[in-house]
1. Residue under question is Val60, and the condition is that it be surrounded by 11 or more Cβ atoms within 10 Å (Cβ to Cβ), assigned to a loop (DSSP other than H, G, I, E, B) and either among the β-branched types (Val, Ile, Thr) or out of contact with any helix residue (DSSP H, G or I) (no Cβ under 9 Å at 6 or more places or on another chain) (or both); does it hold?
2. Specify the residue that is surrounded by the most Cβ atoms within 10 Å (Cβ to Cβ); the eligible residues are those in the stretch 94-135 that are at pLDDT below 90 and of a type in the set (Val, Ile, Thr).
3. Between a first residue in the stretch 8-22 that is more than 13 Å from Phe38 (Cβ to Cβ) and a second residue that is in a loop (DSSP other than H, G, I, E, B) and open to solvent by less than 60 Å² (accessible area, probe 1.4 Å), which pairs have beta carbons less than 8 Å apart while being 6 or more apart in sequence or on different chains?
4. Scan the stretch 109-126 and report the pairs whose first residue is farther than 23 Å from Glu146 by Cα and whose second residue is in a helix (DSSP H, G or I), with Cβ atoms within less than 7 Å and a gap of 6+ or a chain change.
5. If we scan the stretch 93-104, do we find a residue that is part of a helix (DSSP H, G or I) and of a type in the set (Val, Ile, Thr)?
6. So which residues in the stretch 73-82 are over 11 Å from Leu49 (Cβ atoms), open to solvent by less than 40 Å² (accessible area, probe 1.4 Å) and in a loop (DSSP other than H, G, I, E, B), if there are any at all?
7. Evaluate the stretch 63-72: report whether one residue or more is open to solvent by 30 Å² or more (accessible area, probe 1.4 Å), of a type outside the set (Asp, Glu) and in a loop (DSSP other than H, G, I, E, B).
8. Looking at the stretch 37-47 only, could you name the residues that are over 17 Å from the mean Cα position of the chain (by Cα) and either buried (at least 17 other Cβ atoms within 10 Å of the Cβ) or among the polar types (S, T, N, Q) (or both)?
Amino acid sequence: MAESFEAERDAEAVSKFVESFAAHLVEAGMTRMPARVFAALLSSDSGALTSAEVGEQLQVSPAAVSGAVRYLAQQHMVSREREPGSRRERYRVHGNQWYEALTNRDAVLKRWEYALREGVEALGRETPAGRRLAETLAFFEFLDDELVKLMERWRAHRADLFGEG
């Protein structure tokens with residue numbers, strides 16, 4: 001059924017959206033090819049495409065798709081899955097990709113907090129650099145705490161809007 005929806009779409013309009021949204025992601029700091037691949041996956045009804053399908057849609061090589069997917073998987077924005085009975089992989093973006101990407105930043109924040117604590121100790125809290133690091137540490141601790149609360153509110157809001165938990 002999803003295939004028929006995609007077949008009815010204006011391919012040019014979809015391509016314009018993919019490139020436009022990818023450009024916004026690039027402006028926010030994502031590299032170009034992962035942004036394009038992510039936008040292509042996000043705009044597919046199934047949320048999953050093979051490397052060949054992504055390459056055909058974006059007019060890029062399998063190597064470009066592979067590198068982009070590797071980056072997106074490391075960022076927890078897509079996952080790889082095998083097609084049953086095939087060696088082909090499909091790349092999937094999940095409905096909760098933003099939640100996953102944000103909450104998986106928690107490990108990064110914890111590492112930064114640890115490093116900043118060491119920096120504050122090494123530089124001394126009373127030095128200008130130590131105070132600057134302490135303020136940065138306080139910001140990341142605040143962000144970490146608020147992110148947990150924000151994600152709890154998001155889950156409830158999402159359930160209200162879409163009936164999903």
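1. Spelling it out, Val60 is indeed surrounded by 11 or more Cβ atoms within 10 Å (Cβ to Cβ), assigned to a loop (DSSP other than H, G, I, E, B) and either among the β-branched types (Val, Ile, Thr) or out of contact with any helix residue (DSSP H, G or I) (no Cβ under 9 Å at 6 or more places or on another chain) (or both).
2. Out of the qualifying residues, it is Thr103.
3. Val14/Ser43
4. Within 7 Å, the pairs are Gly119/Leu133; Leu123/Ala129; Leu123/Gly130; Leu123/Leu133; Gly124/Gly130; Arg125/Arg131; Arg125/Ala134.
5. Pass one, the stretch 93-104, residues part of a helix (DSSP H, G or I): 97-103.
From what is left, the residues that are of a type in the set (Val, Ile, Thr) are 103.
Among the residues of the stretch 93-104, at least one is part of a helix (DSSP H, G or I) and of a type in the set (Val, Ile, Thr), which makes the answer yes.
6. Listed by number, the residues that qualify are Gln75, Met77.
7. So far as the stretch 63-72 goes, no, none of its residues is open to solvent by 30 Å² or more (accessible area, probe 1.4 Å), of a type outside the set (Asp, Glu) and in a loop (DSSP other than H, G, I, E, B).
8. Listed by number, the list holds a single entry, Ser46.
The values are calculated or read from the model by the stated rules, or taken from the named source; none is laboratory data. All values reported here derive from a predicted model rather than from experimental measurement. Cβ sites come from the backbone with ideal geometry, for glycine too, and all protein chains shown count toward neighbours. Ligands, DNA and RNA are stripped out before the accessible areas are found, and what is left, the full protein with its side chains, is counted by its heavy atoms. Shrake-Rupley method; radii C 1.70, N 1.55, O 1.52, S 1.80 Å.
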